[in-house]
Amino acid sequence: NIPDSPRASARMSNQALSALLQQQAGIEAILHYTCRDRNVLCIQSDLLGAAAIGIRNLICITGDPPKMGGYPDATAVFDVDAIGLVNIVHNLNRGLDIGGNPIGNGTAFVIGVGANPGVPNLDEEIRRFEYKVQAGAEYAVTQPVFDLSLLEKFLRRIESYKIPVVAGIWPLVSARNAEFMKNELRVSVPDSILDRMGKAVNPEAARHEGVAIAREMLIAVRSMVQGAQISAPQSRYSSAVDVLEALGTSGIGAGALQ
């Protein structure tokens with residue numbers, strides 16, 4: 001799952017990284033694709049190129065504005081938002097460009113979108129989710145889940161749309177990390193989680209508590225969603241692996257979540 005310059009920070013091309021992962025590690029990549037840096041001409045060229053090098057899986061998102069990162073004066077394009085992007089990809093899959101002109105053989109992207117069960121205005125989130133599905137979305141990945149009641153409420157509201165939902169699982173690394181998720185990324189982090197992370201006496205204790213919380217979330221969502229995306233925050237891959245071990249100790253089974 002390869003982000004696209006998250007939080008408007010300059011990073012290696014995620015298309016290049018996705019191709020390298022698939023070629024050298026044999027791992028099928030999921031490419032995040034944002035609308036922030038590209039007009040509709042570039043979007044179509046990029047996606048046709050991605051299809052040509054064997055990238056199949058997308059998560060279509062609007063993208064963080066440049067003011068969030070280290071380049072606040074960079075130009076934000078946003079010719080379309082995530083809904084418009086899904087529509088473009090859906091048309092490419094049908095062998096059409098944005099103007100309805102034939103492009104030859106269609107692409108074969110699996111179209112994913114983001115969802116945030118913890119936003120203050122859930123009605124607006126549901127409205128946008130509906131538009132994404134109507135535009136061609138085939139699965140959704142949520143923001144990190146720390147509040148199960150909000151996830152349950154969100155899932156009840158979207159159950160009629162019949163697309164798979166993958167729950168985001170994030171092993172927190174510190175109390176500061178938890179506060180950042182809540183205040184900057186609009187992720188709902190309950191006070192009980194903040195308290196648990198705040199009681200950690202040192203960084204290693206905080207990491208262990210974050211892993212414990214993530215394991216609890218992973219086990220709790222197993223009967224609610226069709227998959228899980230486990231992140232490795234701040235390149236702490238061992239934390240993601242530690243969370244995955246819950247699959248073997250809880251009776252979930254390796255095939256139940258991914």
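The values are calculated or read from the model by the stated rules, or taken from the named source; none is laboratory data. Note that the coordinates shown come from a computational prediction; the quantities given were computed from them, not determined experimentally. Cβ: placed from backbone, ideal geometry, glycine included. Neighbour counts: every protein chain shown.
Things worth noting here:
- Scanning region 176-230 for residues being closer than 15 Å to LEU148 by Cα, in a loop (DSSP other than H, G, I, E, B) and either without any contact (Cβ under 8 Å) to a residue 24 or more places away in the chain or among the hydrophobic types (A, V, I, L, M, F, W, C) (or both) gives a total of 5.
- For region 162-178, a residue qualifies if it is at pLDDT 95 or above and either exposed (fewer than 15 other Cβ atoms within 10 Å of the Cβ) or among the hydroxyl-bearing types (Ser, Thr, Tyr) (or both), and the qualifying residues are PRO164, SER174, ARG176.
- Subset of region 95-132 [more than 30 Å from ALA212 (Cβ to Cβ), surrounded by fewer than 19 Cβ atoms within 10 Å (Cβ to Cβ) and of a type in the set (A, V, I, L, M, F, W, C)]: LEU96, ILE98, ILE103, ALA108, VAL110, ILE126
- Residue list for region 239-250, restricted to those being within 12 Å of LEU172 (Cα to Cα) and either over 16 Å from the mean Cα position of the chain (by Cα) or without any contact (Cβ under 8 Å) to a residue 12 or more places away in the chain (or both): SER239, VAL243
- Pairing residues of region 140-163 that are touching a residue at least 40 places away in the same chain (Cβ under 8 Å) and under 21 Å from CYS60 (Cα atoms) with residues that are assigned to a loop (DSSP other than H, G, I, E, B) and among the aromatic types (Phe, Trp, Tyr), at Cβ distances under 7 Å and at least 6 apart in sequence or on separate chains, gives PRO144/TRP170.
- Test for ARG236: is it without any contact (Cβ under 8 Å) to a residue 60 or more places away in the chain and either over 20 Å from ALA115 (Cα atoms) or not hydrophobic (A, V, I, L, M, F, W, C) (or both): no
- Cross-chain or 6+ apart pairs with Cβ under 8 Å, region 93-104 first and at negative phi and of a type outside the set (Phe, Trp, Tyr), then in a strand (DSSP E or B) and exposed (fewer than 14 other Cβ atoms within 10 Å of the Cβ): LEU96/PRO102
- Qualifying residue in region 23-32 (condition: touching a residue at least 40 places away in the same chain (Cβ under 8 Å), of a type in the set (Val, Ile, Thr) and in contact with a strand residue (DSSP E or B) (Cβ under 9 Å, 6 or more places away or on another chain)): yes
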